[in-house]
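**Q** Below are the structure tokens for one structure; questions will follow.
Only the coordinates and a few stated rules stand behind these numbers; no lab work does. Owing to the predicted nature of the structure, the values given are computational and were not obtained by experimental measurement. Because the Cβ atoms are built from the backbone with ideal geometry, glycine has one as well, and the counts that use them run over all protein chains shown.
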Amino acid sequence: MTNIHTPVLLKESVDFLISNKNGNYFEATLGFGGHTEEILSRLGKKGMLVSTDVDLNAFTFCKEKFKDDRRVKLYNFNFSLIDVIAKIESLEFFDGIIADLGVSSYQLDNTAAGFSYRVSSVLDLRLDKNLRKTAADFINNEPEELIADTIYKYGEEKNSRKIAKQIFQTRNRKKIETTDELKDIISSVTNPKYLNKTLSRVFQALRIYVNDELKILESFLKNSVSVLKKGGRLVVISYHSLEDRIVKDFFRYENLSCICPSGIPICVCDKEQRLKIITSKPVVPSEKETMINKRARSAKLRIAERV
Ligand SMILES: C[S@@+](CC[C@H](N)C(=O)[O-])C[C@H]1O[C@@H](n2cnc3c(N)ncnc32)[C@H](O)[C@@H]1O
């Protein structure tokens, strides 16, 4: 496999992450090891990097790639289990935590995964093949209303009702099994001018639903703070507004030391500030990076520090 994924905001994210070159770091999204390699190049001999990916292909690829580096510990776990992984490694805290959310270019181009409408494949969209429900299971079996709501909520697609209706009518005649079949259904009810955007939104919605991505992200953020050392950084790269909003809101909430209603003379809540926001506005890729790597266009990097 060559050129499987170009890491995004690589230098910027790792610059923010490493504060102690012999510390213990957690990488939530191993992928094909782009960020891993950069982190390792900055760590000393006593440093350690614990990294995970739910995708078995990514995990297997990196197992081989990093087999000679004893500082690397790899897991094929969901990143929401960061606290469990810390326990397995007998670590109370990490010196820094990084997550580069979403999917890799390899996954988008892989004909077995069905992540992209641009590739003809089965309509699967599971990152973790142990999950029970594929995107095809979802659109062939769930009520039209739930399909419409999902496309609207997770894809922010205004034509969600029309698309869900068309899915429902088609599946009454025959099962929808491939990315091409879904693409044809969406095309039949979408203005060609907006087709690519609509296709991206619907596929994004199905991926988020099938992998329960937003809830998993929330629980990862929550669990991360409990295993992050004081002064350690939580570094997150997101690729769409729903993810970015969750990260932003979480950082804002954890940045507060009081959540009492305004007007109360003394603080009566036991809210504790656990994070300090380092980036009041997200760091975005340079023009040069987005020219070289189209995938970087939507990236947003946010950083907070444990207090
Ligand atoms: C954008 S890629 C990471 C690319 C990596 N930084 C690199 O440079 O090669 C995101 C990766 O996160 C993985 N991933 C997504 N959600 C996950 C989750 N909940 N738990 C673990 N891994 C996850 C995906 O399978 C994918 O390989």
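**Q** Please compute the contact order of region 134-211 in relative form: average sequence separation of alpha-carbon pairs under 8 Å and at least six residues apart, divided by the residue count, as a percent.
**A** Values: 76 pairs, mean separation 32.4, N = 78.
Computed value for region 134-211: 41 percent relative contact order.
**Q** Further question: Listed highest first by mean packing, meaning other Cβ atoms within 10 Å per residue, what order do 284-294, 152-162 come in?
**A** On the way: 284-294: 13.7, 152-162: 19.0.
The densest-packed peptide leads the list: 152-162, 284-294.
**Q** Same structure again: Can you list residues from other chains, or at least 5 along the same chain, whose modelled amide H is less than 5 Å from the amide H of PHE94?
**A** Here the answer is LEU228, LYS229, since their amide H atoms fall under 5 Å of that of PHE94.
**Q** About its Cα centre, what dipole magnitude does the chain give when the only charges are +1 on Lys and Arg Cβ and -1 on Asp and Glu Cβ, stated in debye to the nearest 20? Numbers along the way, then the final one.
**A** Numbers: 50 positive and 41 negative charges, 79 e Å.
Magnitude of the dipole: close to 380 debye.
**Q** Now for a different question. Determine one quarter of the surface area of the Cα convex hull of the chain, which equals its mean projected area, and express it in nm² to one decimal. All intermediate terms of the calculation are to be shown ahead of the outcome.
**A** On the way: hull surface 72.6 nm².
Over every viewing direction, the Cα hull of the chain projects on average to 18.1 nm².
**Q** Read phi for every residue in region 277-288 and hand back ³J(HN,Hα) as whole Hz from Karplus 6.51 cos²θ - 1.76 cosθ + 1.60, θ = phi - 60°, with x for Gly and Pro.
**A** Working through the residues one at a time gives 6, 9, 10, 5, 10, x, 7, 10, x, 5, 4, 4 Hz.
**Q** Report, in debye and to the nearest 20, how large the dipole of region 134-211 comes out about its Cα centre when Lys and Arg carry +1 and Asp and Glu carry -1 on their Cβ.
**A** Approximately 280 debye in magnitude.
**Q** Residue by residue, what Karplus-based ³J(HN,Hα) values in Hz, rounded to whole numbers, does region 17-25 have, using 6.51, -1.76 and 1.60 with θ = phi - 60° and x for Gly and Pro?
**A** Per-residue couplings from phi come out as 6, 8, 10, 9, 6, 10, x, 10, 10 Hz.
**Q** I'd like the Karplus ³J(HN,Hα) series for region 127-139: coefficients 6.51, -1.76, 1.60, θ = phi - 60°, whole numbers in Hz, and an x wherever there's a Gly or Pro.
**A** Residue by residue, region 127-139 yields 6, 10, 5, 7, 5, 7, 9, 8, 5, 5, 4, 4, 6 Hz.
**Q** If I histogram all Cα-Cα distances within region 1-90 using bins 10 Å wide from 0, what percent of pairs lands in each bin?
**A** Going from the shortest bin to the longest, the percentages are 17, 51, 31, 1.
**Q** Evaluate 2.2 N^0.38 Å with N set to the residue count of region 134-211, then give the Cα radius of gyration divided by it.
**A** Dividing the Cα radius of gyration by 2.2 N^0.38 Å gives 0.95.
**Q** List the aspartates and glutamates whose alpha-carbon lies under 20 Å from that of LYS175, not counting same-chain residues fewer than 8 positions away?
**A** ASP124, ASP137, GLU142, GLU144, GLU145, ASP184
**Q** A further question follows. What number, rounded to the nearest 500 deg cm²/dmol, is the helix-based mean residue ellipticity at 222 nm of the chain, given -39500 (n - 2.57) per DSSP H run of at least four residues and division by all its residues? Let's see the in-between values first.
**A** Values: 13 runs with 134 residues, N = 307.
One gets -13000 deg cm²/dmol as the mean residue ellipticity at 222 nm.
**Q** I would also like to ask the following. Would you work out the relative contact order for the chain, in percent, from Cα pairs under 8 angstrom that are 6 or more residues apart?
**A** On the way: 533 pairs, mean separation 56.1, N = 307.
Dividing the mean separation by the residue count of the chain yields 18 percent.
**Q** Sorted by packing (mean other beta-carbon atoms within 10 Å per residue), highest first, where do 109-119, 22-32, 190-200 land? Before the final figure, lay out each step's value.
**A** Working: 109-119: 18.5, 22-32: 24.3, 190-200: 14.0.
Descending mean neighbour count gives 22-32, 109-119, 190-200.
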